[in-house]
């Protein structure tokens, strides 16, 4: 009888605690999911930016290389004088 009374008294409390814990777990998982989605979006943007930078670098690389070679040639000529 004593156990039945305790069960009747405390089972609703424990049930409510379980509901609250489940709700908090869901909220935390939702938060983590949003953070992961934001991280994924940032990574995709960074990959796109890197691709654009590599493309730009590859476009200017031949001209930059020629300019450096010309400057090196001028320095070597000045050293020889």
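Give the Kirkwood hydrodynamic radius (Å, one decimal) of the stretch 9-81, defined as one over the mean of 1/r across all pairs of different Cα atoms.
18.1
Taking the simple approach of a point 7 Å from Cα along Cα-to-Cβ for both residue 69 and residue 36, what is their distance in nm?
5.1
Would you mind getting me the FRET efficiency between residue 3 and residue 29? Use the beta-carbon distance for r and R0 = 41 Å, nearest 0.05.
Efficiency, from the Cβ-Cβ distance: 0.70.
How far is it, in nm, from the label point at residue 56 to the one at residue 13 when both lie 7 Å from their Cα along the line to the Cβ?
6.5
All of the numbers you see were taken from the coordinates with simple rules; none came from a lab. None of these values were measured; they are calculated from a predicted model. Note: ideal-geometry Cβ built from the backbone for every residue, glycine included; neighbour counts use all protein chains shown.
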